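Q: Please read through the structure below; I'll follow up with questions.
The values are calculated or read from the model by the stated rules, or taken from the named source; none is laboratory data. Remember, predicted model here, so these are calculated numbers, not experimental data. In this analysis, Cβ positions are derived from the backbone assuming ideal geometry, glycine residues included, and neighbour counts consider all displayed protein chains. Just the protein is used for accessible areas: all its heavy atoms, side chains included, with ligands, DNA and RNA removed. Shrake-Rupley method; radii C 1.70, N 1.55, O 1.52, S 1.80 Å.
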2 protein chains.
Amino acid sequence: MPRYGDEECCDMRGMLGFLILFLLSKKPMHGQEIADELAKRRGDKPSPGTIYPALKSLKYAGFLREEEKVGKTITYCLTPRGMKALHIAKRRFTRTFLGVLS
Amino acid sequence: MPRYGDEECCDMRGMLGFLILFLLSKKPMHGQEIADELAKRRGDKPSPGTIYPALKSLKYAGFLREEEKVGKTITYCLTPRGMKALHIAKRRFTRTFLGVLS
DNA sequence: TTAAGTATATAGGATATCCGATATATATAA
DNA sequence: TTATATATATCGGATATCCTATATACTTAA
């Protein structure tokens, strides 16, 4: 039962949508920009098979929309619904991890 | 493809082990104490089928050990290995969620 | 007009998290 | 002693995340 690795206790599974909404709340971005920013933050870059289905699901949920499309490059931005979802998630996140960052 | 709920964008899946290690770094606790503290923080209490397998896996990984056992009540505490894993995870967590709490 | 680089897309599947249901053991109260 | 509450334990499975591999389309350079 190898649930935790050598020095790993946290794979952050389930936080991808939250992180994408957070990044888009700073500025509109396209898929590769988001993947690169996540690479800088987490240390590993999500693969195409990870990032694009996630964007699709968030769009399907009404949390983001295509702001601009130039060639194959699609820039996404938050919808009001996405901003609300992010706000709610932030509150929960803050309460849950109170004291972790200090 | 219902990946995100009505206003939910973040189920925090994959953070349970990290949270348990963090709580135990504050003080030794037993399973129910941990579950109750998580209930206060996240808003919902992890079920027995969630918390005990998680503790078992963290123990199996060498991140925590039984400090005391009185009746059925088992108090857990971090091992040096667990402290190191928590430290590493904290650094990654901090870098990943930089700017979310502010 | 090739060739190479960039960006997006999706199917299929491996893997892991987490929960519901259930069982057991201990402690306490009636 | 019976009943109740508390704490731990595990199986089986539903569910979701994420990756690998593959394909497509657009852009730019040679």
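Q: Inspect the stretch B:4-15 for any residue being within 11 Å of DNA strand D (Cβ to nearest atom), open to solvent by 50 Å² or more (accessible area, probe 1.4 Å), farther than 17 Å from A:GLY5 by Cβ and charged (D, E, K, R) and give the result as yes or no.
A: From the stretch B:4-15, those within 11 Å of DNA strand D (Cβ to nearest atom) are B:4-5, B:8-15; that's our starting set.
The next check asks that each one be open to solvent by 50 Å² or more (accessible area, probe 1.4 Å); those that pass are B:8, B:11, B:13.
Going one step further and asking which of them are farther than 17 Å from A:GLY5 by Cβ, we end up with B:8, B:11.
When the remaining residues are screened for being charged (D, E, K, R), the result is B:8, B:11.
Checking the stretch B:4-15: at least one residue is within 11 Å of DNA strand D (Cβ to nearest atom), open to solvent by 50 Å² or more (accessible area, probe 1.4 Å), farther than 17 Å from A:GLY5 by Cβ and charged (D, E, K, R).
Q: Among (1) more than 7 Å from chain A (Cβ to nearest Cβ); (2) out of contact with any helix residue (DSSP H, G or I) (no Cβ under 6 Å at 6 or more places or on another chain); (3) among the charged types (D, E, K, R), where does B:LYS45 come up short?
A: All conditions are met except number (2).
Q: Condition test on A:ARG65, is it touching a strand residue (DSSP E or B) at 6+ places or on another chain (Cβ under 7 Å) and either more than 8 Å from every other protein chain (Cβ to nearest Cβ) or open to solvent by less than 10 Å² (accessible area, probe 1.4 Å) (or both)? Reasoning before the result, please.
A: On the way: touching a strand residue (DSSP E or B) at 6+ places or on another chain (Cβ under 7 Å): yes; either more than 8 Å from every other protein chain (Cβ to nearest Cβ) or open to solvent by less than 10 Å² (accessible area, probe 1.4 Å) (or both): yes.
Answer is yes for this residue.
Q: Would you please list the contacts, defined by Cβ atoms under 8 Å and residues six or more apart or on different chains, that run from a residue in the stretch A:45-64 that is hydroxyl-bearing (Ser, Thr, Tyr) to a residue that is open to solvent by 50 Å² or more (accessible area, probe 1.4 Å)?
A: Cβ pairs passing all conditions: A:SER57/B:MET1; A:SER57/B:ARG3; A:TYR60/B:MET1; A:TYR60/B:ARG3.
Q: What residue, among those in the stretch A:1-17 that are over 18 Å from A:ARG65 (Cβ atoms) and in contact (Cβ under 8 Å) with a residue 12 or more places away in the chain, is farthest from the chain's Cα centre (by Cα)?
A: A:MET12
Q: Within the stretch A:82-98, track down each residue that is of a type outside the set (A, V, I, L, M), open to solvent by 10 Å² or more (accessible area, probe 1.4 Å) and facing another protein chain (nearest Cβ under 8 Å). Steps first, answer last, please.
A: Taking the stretch A:82-98 and keeping what is of a type outside the set (A, V, I, L, M), we get A:82, A:84, A:87, A:90-97.
Okay, now just the ones that are also open to solvent by 10 Å² or more (accessible area, probe 1.4 Å), so A:84, A:87, A:90-92, A:94-95.
Correct list: A:LYS84, A:LYS90, A:ARG92, A:THR94, A:ARG95.
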